[in-house]
Amino acid sequence: MTSGMHLKAPFTDVTSFSTRPVDLNLSDKDVVEVRSSQGGVMYAELTVKWAVTPDKAGELYRLAGSEDAIQQRLVYPDSREIVRNVFARYTSEQGYASAREKINAEIGELIKERLAPRGIHITAVNLRNVKPSDALQKQIDRKIQQKEATERATEATRTAEEEAKRRKIEAEGIARANKILNDSLTDKVLMN
């Protein structure tokens, strides 16, 4: 039945489904633990906004039974699986920093593709937070420290090379001056 007034037999039950968007929050205890292509563990928090497509409500009722069951049996497991699969294609750095928008768009498209044939319309997917695990955070910090140490060593080497060039030029100048003085010194000049 669509919305509006309908007659029903007294011995039948009508289960209603809201067609308004419902939020599935994957955070706190439902946070999605994902692994990057490098094996780093991260925790992704996201919100999936979904709604029942009115003309597929009968199929969804036969498949799941209620709105809560739709969320728990269809939207929740499929969303978690897709999030894990998408993050597995990216490095840890891309996952928590540089490619978040791309990952969010890819997750949204894949969830829409999977759930649309079942009668679930995905209105939005928001990747709110990606937090690296403690072990991964330590690796990231160590990598940053190594990079900074390498940059400092490179700068120190460059400074030392510049100082060596300066001293070489200074020594060459002094040597030329001494050579000129030595060539210009004669016995007469020394007598004077």
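The values are calculated or read from the model by the stated rules, or taken from the named source; none is laboratory data. Just so you know, these numbers come straight off a predicted model, no measurement behind them. Using ideal geometry, Cβ is built from the backbone for each residue, glycine included, and neighbour counts are taken over all protein chains shown.
A few notes on this one:
- Residue that is farthest from residue 64 (Cα to Cα), among those in the stretch 77-100 that are among the hydrophobic types (A, V, I, L, M, F, W, C) and part of a loop (DSSP other than H, G, I, E, B): 99
- Condition check for residue 88: modelled with pLDDT of 90 or more and under 12 Å from the mean Cα position of the chain (by Cα): yes
- Residues considered: 107, 103. Of these, the only one that is touching a Gly at 6+ places or on another chain (Cβ under 7 Å) and assigned to a helix (DSSP H, G or I) is 103.
- Residue 152 under 30 Å from residue 19 (Cα atoms), of a type in the set (Lys, Arg) and exposed (fewer than 14 other Cβ atoms within 10 Å of the Cβ): no
- The set of residues in the stretch 104-122 that are among the basic types (Lys, Arg) and within 13 Å of residue 79 (Cα to Cα) comprises 112, 114.
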